[in-house]
Each structure stands twice: as structure tokens, then as C-alpha cells.
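What follows draws every value from the coordinates through simple rules; no lab data is involved. The shown structure was predicted, so the numbers you read here are calculated from the model rather than taken from an experiment. Cβ coordinates were reconstructed from backbone atoms using ideal geometry, including for glycine residues, and neighbour counts include every protein chain displayed.
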Amino acid sequence: MIAGGTDLINTLIFDLDGTLADTEKLHCRAYQEALAELGVTISEAEYEHHWIRRGRNIYEYVEAQRLDIDPDVVRVNKAAHFQRLAETSAEAMPGAHSALKCFAGRKRLALATSSYRDAAQAVLGRLELATFFEYIATKEQAERVKPAPDILLHVARTLDVDAAACLVIEDSEKGVRAAAAAGMASIAIPNRHTAEHDFSAASVILGSLGELTPEFLEYFEKNNITN
């Protein structure tokens, strides 16, 4: 069975930042620039732990650090910095386009990202990825972000598919935890920001998107790999 069901996988739900797009470094730089304007310094390690691993936001960061700054101002300025960086410097992860191309027409493809829609659109536009997806869900469609399952369950409801028929492709601990909470199988593809994450909730771990092929998925289904 796949994630507790008997249906074969018919829907692939991809994460964006760190999975299809090498953009976590851009999100980090955008926050660094926005916070620096207010006299606050944040390291890459702090960003990786707070945002990537734990799935927290700027409001929680300001509260946790007891900073005397307005998180709304940081959010607006960060968005502007990220827009500029994404439009000029965003790059696809190795194998992103080929993975999407080989599954287009074979499986239903969706995107579920914890990024705001403006940030996601900037990346998707730069990398010409949007047309691969039947549905794109962003932070605005979920009450809670990953590791909560809200956005993944929203995608399943919108596409009218069972959670057991969905396979989530993620790069982070929070992403595979969200998939497990949604009752979905998941594939983890760690990157340099997430290599030390706990991927015990993932169904399987791959080294790159290049390993995600129709042949691998057939093997995955045939051997009833579960969470």
C-alpha cells in the first residue's frame, strides 16, 4: 500500500524553494538585507534553522529575538529584495526541468510552497516552470505552513484526489513531516541547506532530481514503499 492506501500514485506535489529552485540562498540574502536596514544582523545558519528547518516566519523571529522592530516592515522590504534577486539570480535545481518534463502527461503535477504568491511567481516566471503545473498553492492557501499538512491537503481537495494517491517531493524536514501528517508518501531530496535534517518521516531519500524518473516511480509503487 502507498501511505496507507491501495491506489497507485496519480499526483506529484512538488515543493519549490530548495527542491525545484535553488532559491533558499536568495531568501536568506533578502532577509539579511531587509534586517540590516534596521540594524539587525542574521547569519545563514540562523536563517536555515529558523526558516528552513523549523518552518517559522519573521514575526516569530522578531518575537523570539525580542527585537524592537516592526516585522511587517521587514516582510515588505524582504519581499522587494527577494523580487529583485529572484528576477535576476534565481536558478533551477539540477534536473528540475527534466523531471517535470518526463512526468508531464503521465501524472498530475501540482506545486505546494510555503512562500507568498508574489515570491513564488517571481521564481516560476524566471525559471519558466509554471506551465508544468495543474495547480499552484502558496502560503495564502494555508492557515498553517509546513510542517503542518494544511497546504498539501488543500491541494488534494482542490484536485479532488485521495491523499494516498499523492507523492510529495521535498527537500526539508518540515516538508516530509507535512506529507506524513497529510497521509501522503514523500521523497526527500536534501540540499546543502538541509543535509543534516531528520528525514525519518520520508518514504525514501534520493540524491538528486535526476533520480526521480518514471522507472523509479514504477519501482516505488510496485514495492509498496510507505512512510
* Asked: So, with +1 on the Cβ of K and R and -1 on the Cβ of D and E, and no other charges, what is the size of the charge dipole of the stretch 24-89 about its Cα centre, to the nearest 20 debye?
  -> 180
* Dipole of the chain, positive end: most advanced residue of Tyr59, Thr194, Phe132 [Cβ charges, Cα centre] -> Phe132
* Given only helices, namely DSSP H runs of n ≥ 4 each adding -39500 (n - 2.57), what is the per-residue ellipticity at 222 nm of the chain, to the nearest 500 deg cm²/dmol? -> -12000 deg cm²/dmol
* How would you rank 182-194, 164-176, highest first, on the average number of other Cβ atoms within 10 Å across their residues? -> 164-176, 182-194
* **Cβ charges +1 (Lys, Arg) and -1 (Asp, Glu), total dipole of the chain, debye** => 240
* Structure fact -> If every Lys and Arg gets +1 and every Asp and Glu gets -1 at its Cβ, then about the Cα centre the stretch 70-198 yields a dipole, in debye to the nearest 20, of 220
* Structure fact -> With the dipole of the chain defined by +1 on each Lys or Arg Cβ and -1 on each Asp or Glu Cβ, the option from Val161, Ile69, Gly18 whose Cα lies farthest towards the positive pole is Val161
* Structure fact -> Summing +1 per Lys or Arg and -1 per Asp or Glu among the other residues with Cβ less than 14 Å from Glu128's Cβ gives 0
* Structure fact -> Expressed as a whole-number percentage, the relative contact order of the stretch 24-89 with C-alpha contacts under 8 angstrom and at least six residues apart is 45
* **Spin-label pair Glu140/Arg106, simplified geometry with 7 Å Cα→Cβ offset, distance in nm** => 3.3
* Please report the relative contact order for the stretch 114-227, taking Cα pairs under 8 Å with a sequence separation of at least 6, and give it as a percent rounded to a whole number. => 18
* Quote the relative contact order of the chain in percent (integer), defining contacts as alpha-carbon pairs under 8 Å separated by 6+ residues. => 28
